[in-house]
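> Got a structure here, written out as structure tokens. Questions coming.
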Amino acid sequence: MFDKEEMKKIKQLKNEWENNVVQKTLKRFPERKDKFVTGSGKKVERLYTPVDLEESDHNKDLNFPGQYPYTRGVQPTMYRGRFWTMRQYAGFGTAEESNKRYKYLLNQGQTGLSVAFDLPTQIGYDSDHTMSLGEVGKVGVAIDSLKDMEMLFDGISLDKVSTSMTINAPAPVLLAMYIAVAEKQGVAPDKLKGTIQNDVLKEYIARGTYIFPPAPSMRLITNIFEFCFKEMPLWNTISISGYHIREAGATAVQEVAFTLADGIAYVDAAIKIGLKVDDFAPRLSFFFNAHNDLLEEVAKFRAARRLWAKIMKERFGAKNEKSLMLRFHTQTAGCTLTAQQADNNIARVTIQALAAVLGGTQSLHTNSRDEALALPAEDSVRIALRTQQLLAYESGVTETVDPLAGSYYVETLTNEIEKQALEYIEKIDKIGGVTQAIEKGFIQQEIQNSAYQYQKDIEESKRIVVGVNKFKIKEGSPKGLLKVNPEVGRRQVEELKKLKEERDNHKVKENLKLLEKTAKTDANLMPLILDCVKSYATLGEICDILRSIFGEYKESVKL
Amino acid sequence: MEGKKIRILIAKPGLDGHDRGAKVVARALRDAGMEVIYTGLRQTPEQIVETAIQEDVDVIGLSILSGAHTHLFPKVMELLKENDIKDIIVMGGGVIPEEDIPELKKAGIAEIFTPGTDTRDIIKFIKEKVR
């Protein structure tokens, strides 16, 4: 970005500065540490200058917002046009309670919904399954059938909101329920806006709510791609997620690498069943973590955007501009929240949310201060949402596009993260792709090593966590935590019993039988699942059919 | 002479998939010279107790972040009692509200370690308990 003569001069001046000025200072005031590193453990230099960007090319590497390789953002005007979608992940207890929380959030100025399902729902068990005991309604809302889903969105017009659903292995079933609720409201599928997470690879890697083995899982995922291409053009068919990979302990580089590697696997799978890349790729979306190291995180988002654009163009030959754009949701890092002095988490979340905004996110969830202790209370969620509103309306960082571009440090980090992530992707290619790398335990072990290192650094005080290993105080017990009504499980089981008495069981049986027959073929299962759901077949019944045909995934763990 | 190595089962009961903590603790205990067996995800209390018996462990470490501890931790204790096992120390970890802890201890859980715990404290606790 500088001409040769100028660069030579800068190099010379930098040497002089180091030898004369810096050395003199160091003798009098040694630095705090021998080695400075980012939150992910990458070495940080004392100073970055144009010399670090000697190889960079403005037009090629950065270009302009809304233009390849989208380093500076996917839209030309970014937040000058419209702020990101403020989308708080929420759901607990029954559909009725969660519905109340959604309405509260919408009233407080939230601009999109994000549904958290309980673990039985995420793993395809009804509330009355033995594995569901003690889990019903705990980490999200319990959904057994369309009836619950109708209650969940009662009084919320599905043509007015966009809804994100964190559901993976049983994604086709919950998507079908959403379509069916909309239909009852008189809203056609092609009007629906939202996202279904539908990313099972990261479940094997980090999150754990898998059901089926990789091959049939990939089939269900690509079934959704195909169905939505035809019926739901505004729907994001997948949210390829680095969030949980980072939460499990990955570094920033690993987060980008493993997420994009998953993305490559999904694109490969879709092409393999005969879809054209430019038909489905525009509806792929991503989900990243925003961790503590502000500038490293900003660089991470920019690097991910640039690397994905190159992959789509060069590896897959995508032509449609929208296929090249990495659009993403961000959530602040739950793993950085401390149970100690929990109010300090508000400051942590602010820094992390700022990183997401400076990194050009399309939507954002800010964690609540009390989440290392329990599900967030209403007060805490409001503060978290206000943090976003404050960034949007008061901080000023939204008034120009990609304000940190051109920072020698941020651009250098962006280059390094892209380069190192690509090296990981090449390694995974050599192993034979992501599925192989998961089955060999390679990805999980890389993440476990990083997680262990992180913990050791904290315990050796190489990494300071305010309130945990420094600046500790004596505290009383936290007050006002949210407690999920212990009756939820019982109520859910009762409702389920009632439903099974009231519905047309003959119809349910017929639909399930047809699903079973079709699951044995290569046909798209979405239309049949939609029929099952509409006849009030339960989530568990549908998933049991699929389990009987597809089998179940068993993880192999290497410590 | 070196004594017998402490044997410990780290287990993930229920449907919760958050295993970062369980794996980090497992590794720290192993590095501290203990024999560690890790169950993997989605274990029923029955499976956990069966493994503990088969592997002849001194300690069981249960990890839950989903809120199902109030149901699953006491269930493990109940099954141990049913099998007449009194010498296995059971400890728990995860996102566990302080107000739940007395009830869990009453059920027989020896200690609960919440977020921010130093693994050296867990090691110290185990070494003091298993003698």
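> With all pairs of different alpha carbon atoms counted, what Kirkwood hydrodynamic radius in Å does chain B show?
Value: 14.5 Å, from the Cα pair sum.
> How many Cβ atoms of partner chains, on average, are near each residue of A:133-143 if near means within 10 Å of its Cβ?
On the way: counts 8, 15, 9, 2, 1, 10, 8, 1, 0, 0, 0.
Mean inter-chain Cβ contacts per residue within 10 Å come to 5.
> If N is the number of residues in region A:214-269, what value comes out of its Cα radius of gyration divided by 2.2 N^0.38 Å?
Rounded to two decimals, the normalised Rg is 1.28.
> Between the helical axis of A:344-358 and the dominant principal axis of chain A, each derived from Cα atoms, what acute angle in degrees is found, rounded to the nearest 10?
80 degrees
> Take residue A:46, project a point 7 Å from its Cα along the Cβ direction, then tell me which residues of region A:454-476 have their backbone nitrogen under 12 Å from it.
Output list for this probe position: empty.
> Moving to a separate point now. Set Lys and Arg Cβ to +1 and Asp and Glu Cβ to -1, take the dipole of region A:374-474 about its Cα centre, and tell me which of A:464, A:390, A:434 lies farthest positive.
Projecting each Cα onto the dipole axis, the largest value belongs to A:464.
> From the Cα trace of region A:455-518, what convex hull volume per residue do you get, rounded to a whole Å³?
Roughly 197 Å³ of hull volume per residue.
> On the protein heavy atoms, probe 1.4 angstrom, tell me the percent of accessible surface of the protein assembly as shown carried by carbon and sulfur.
51 percent
> Also, I was wondering about something else. Convex hull over the alpha-carbon atoms of region A:323-393: what's its volume per residue in Å³?
So the per-residue Cα hull volume is 92 Å³.
> Please compute, for the alpha-carbon atoms of region A:1-149, the extent along each of the three principal axes and give them in descending order in Å.
Result, largest extent first: 73, 40, 29 Å.
> Test of understanding: what is the full-extension gain from residue B:110 to residue B:5, defined as 0.36 nm times their sequence separation minus their Cα-Cα distance?
35.8 nm
> Right, something else. When we measure straight from the Cα of residue A:9, which lysines land under 23 angstrom away, once same-chain ones fewer than 8 places off are left out?
Cα-Cα hits under 23 Å: A:24.
> For chain A, what is the calculated [θ] at 222 nm in deg cm²/dmol (nearest 500), taking -39500 (n - 2.57) for each run of four or more DSSP H residues and dividing by its residue count?
Details: 21 runs with 257 residues, N = 559.
Calculated at 222 nm, the ellipticity per residue is -14500 deg cm²/dmol.
> What number comes out for accessible area per residue over the protein assembly as shown if the probe is 1.4 Å? Units Å², please.
Numbers: 29560 Å² over 690 residues.
Per residue, the protein assembly as shown has 43 Å² of solvent-accessible surface.
> Another one. What figure in square angstrom, to the nearest 10, would you give for the accessible area of residue A:381 with a 1.4 Å probe?
Residue A:381 has an accessible surface of roughly 10 Å² with all protein chains in place.
> Same structure again: Which of the aspartates and glutamates could be linked to residue A:4 by a straight reach, that is with a Cα gap under 14 Å, when you skip same-chain ones fewer than 8 residues away?
A:52, A:54, A:55, A:57
> Counting only other chains, and only Cβ atoms inside 10 Å, what mean value do you get across the residues of A:209-216?
Working: counts 5, 3, 0, 0, 0, 0, 0, 0.
Per residue, the number of nearby Cβ atoms from other chains is 1 on average.
> Leaving ligands, DNA and RNA out of it, rank A:458, A:351 by accessible area with a 1.4 Å probe, largest first.
Most to least solvent-accessible, the answer reads A:351, A:458.
> Can you grab the distance from the C-alpha centre of region A:181-251 to the C-alpha centre of region A:311-352, Å, no decimals?
Each part reduced to its Cα centre gives a spacing of 17 Å.
> Give the residues of region A:362-385 whose amide nitrogen is closer than 19 Å to a point set 7 Å from the Cα of residue A:111 in the direction of its Cβ.
A:362-367, A:382-385
> Still on this model: Compute from the Cα atoms of chain A the Rg and the Dmax, the latter being the longest Cα-Cα distance, and quote both in angstrom.
That works out to 24.3, 87 Å for Rg and Dmax.
> Rounded to the nearest 0.05, what FRET efficiency do residue A:522 and residue A:487 have when you use their Cβ-Cβ distance and R0 = 56 Å? Don't skip to the answer; put the middle values down first.
Details: r = 44 Å, r/R0 = 0.79.
Given R0 = 56 Å and the Cβ-Cβ separation, E is 0.80.
> So for the protein assembly as shown, taking the charge dipole from beta-carbon charges (+1 Lys/Arg, -1 Asp/Glu), which of A:239, A:355, A:64 sits furthest toward the positive end?
A:64
> In peptide A:146-157, what is the residue-averaged number of other protein chain Cβ atoms found within 10 Å of each Cβ?
That works out to 0 on average.
> Report the charge-dipole magnitude of region A:280-393 in Debye, nearest 20, computed about the Cα centre from +1 at each Lys and Arg Cβ and -1 at each Asp and Glu Cβ.
Roughly 840 debye for region A:280-393.
> Output wanted: per-residue J couplings in Hz (rounded whole) for region A:122-138, from phi through Karplus 6.51 cos²θ - 1.76 cosθ + 1.60, θ = phi - 60°, x for Gly and Pro.
With coefficients 6.51, -1.76 and 1.60, one gets 5, 10, x, 10, 6, 5, 9, 6, 4, 5, 7, 3, x, 10, 5, x, 7 Hz.
> Calculate, axis by axis, the spread of Cα positions in region A:277-371 along the three principal axes, and write the results as whole Å, longest axis first.
Over region A:277-371, Cα extents along the principal axes are 51, 22, 17 Å.
> Also: Which far-off residues, 5 or more places away or on another chain, put their amide H under 5 Å from the one on residue A:195, with H placed in the peptide plane?
Amide H to amide H, under 5 Å and 5 or more residues apart or across chains, residue A:195 pairs with A:163, A:164, A:165, A:236.
> Separate question: Which entries in A:43/A:300; A:184/A:276; A:160/A:276 show an alpha-carbon gap greater than 22 Å?
A:184/A:276; A:160/A:276
> Could you run the numbers on buried accessible area between A and B, total for both chains, 1.4 angstrom probe, in Å² to the nearest 100?
Protein heavy atoms only, the A-B interface buries about 3200 Å².
> Stokes-Einstein at 37 °C, 0.692 mPa s, Kirkwood radius from Cα pairs: D for region A:4-53 in µm² s⁻¹?
After rounding, the answer is 260 µm²/s.
> State which entries of A:103/A:534; A:456/B:23; A:100/A:483; A:147/A:497 exceed 19 angstrom in Cα-Cα distance in the structure shown.
A:103/A:534
> Let's see if you can work this out: charge +1 on each Lys and Arg Cβ, -1 on each Asp and Glu Cβ, no other charges. What is the dipole magnitude of the protein assembly as shown about its Cα centre, in debye to the nearest 20?
1280 debye
> Let me ask something additional. If you place +1 on the Cβ of every Lys and Arg, -1 on the Cβ of every Asp and Glu, and leave all else neutral, what size is the dipole of region A:4-53 about its Cα centre, to the nearest 20 Debye? All intermediate terms of the calculation are to be shown ahead of the outcome.
Working: 14 positive and 8 negative charges, 37 e Å.
I would put it at about 180 debye.
The values are calculated or read from the model by the stated rules, or taken from the named source; none is laboratory data. What you are looking at is a predicted structure, and each value in this text was computed from that prediction instead of being measured. Note: ideal-geometry Cβ built from the backbone for every residue, glycine included; neighbour counts use all protein chains shown. Heavy atoms of the whole protein, side chains included, go into the accessibility calculation; ligands, DNA and RNA do not. Shrake-Rupley method; radii C 1.70, N 1.55, O 1.52, S 1.80 Å.
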